Amino acid sequence: MSQWVVVARYSYPHEAQIAKASLLSANISCALNDEHTINMQWLYSDAVGGIRLMVKESDAEQAWQILQQDYSTDVEELFPEQTIITCPNCGSENIRAFTKGKRSAFLVFLLAGFPLFFYQHGFKCDSCKAFWQENTEQ
């Protein structure tokens with residue numbers, strides 16, 4: 001019987017589900033650990049080490065290679081009219097979605113039993129570390 005090993009960890013359930021679907025489409029048996037815990041209480045994500053994507057040890061190398069594939073150019077070909085978001089501070093395209101205040105809310109939750117701080121969803125530039133919220137109103 002093969003051992004199960006962790007090939008990836010995710011903070012958000014939707015990211016884990018996408019990775020799991022990628023592996024299942026390649027006929028690799030996989031499972032998500034702590035997905036329901038994170039769904040019920042997102043503050044536990046950092047404490048439990050995120051959602052763990054598990055595969056059989058014999059499939060680990062192939063699974064890792066599949067998860068490392070970059071399909072961003074395929075998406076760009078399907079949706080060529082998408083605007084590229086750049087950092088308003090330095091103009092870099094090296095940005096990512098970011099939740100500001102998640103760690104402090106988690107700490108207060110551990111100490112007080114409920115989060116006191118509001119958190120903000122936005123973007124963070126990996127080049128200059130600037131954070132901003134995109135105006136979604138059209």
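The values are calculated or read from the model by the stated rules, or taken from the named source; none is laboratory data. This structure is a prediction, so every number in the text was calculated from the model and none was measured. Don't worry about glycine lacking a Cβ; one is built from the backbone with ideal geometry, like all the others, and counts go over all protein chains shown.
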Matching residues, segment 32-77, being under 30 Å from GLY113 (Cα atoms) and either in contact with a Leu (Cβ under 9 Å, 6 or more places away or on another chain) or among the aromatic types (Phe, Trp, Tyr) (or both): LEU32, ASN33, TRP42, LEU43, TYR44, ALA47, ILE51, ARG52, LEU53
What tally of residues in segment 1-34 results from selecting those that are in a helix (DSSP H, G or I) and aliphatic (A, V, I, L, M)? 6
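Kindly indicate whether any position in segment 1-13 is closer than 30 Å to GLU134 by Cα and free of Cβ contacts under 8 Å to residues at least 40 places away in the same chain. Step through it out loud before you land on a result.
Taking segment 1-13 and keeping what is closer than 30 Å to GLU134 by Cα, we get 8-13.
Those left that are additionally free of Cβ contacts under 8 Å to residues at least 40 places away in the same chain: 12-13.
Yes, the conditions are met somewhere in segment 1-13.
Tell me which residues, restricted to segment 108-117, are loosely packed, with under 13 Cβ neighbours inside 10 Å and either part of a helix (DSSP H, G or I) or at pLDDT 75 or above (or both).
Hits for segment 108-117 are LEU110, LEU111, ALA112, GLY113.
So that you can scan it fast, the table gives a plain yes or no per residue for (1) buried (at least 16 other Cβ atoms within 10 Å of the Cβ); (2) among the basic types (Lys, Arg):
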{"site": "LEU53", "(1), (2)": "yes, no"}
{"site": "ALA63", "(1), (2)": "yes, no"}
{"site": "VAL75", "(1), (2)": "no, no"}
{"site": "THR83", "(1), (2)": "no, no"}
{"site": "THR86", "(1), (2)": "no, no"}
{"site": "SER92", "(1), (2)": "no, no"}
{"site": "ILE95", "(1), (2)": "yes, no"}
{"site": "LYS124", "(1), (2)": "yes, yes"}
Taking the condition part of a loop (DSSP other than H, G, I, E, B), out of contact with any strand residue (DSSP E or B) (no Cβ under 8 Å at 6 or more places or on another chain), of a type in the set (D, E, K, R) and assigned by TED's automatic domain parsing to the domain that holds SER11, does ASP70 pass? yes
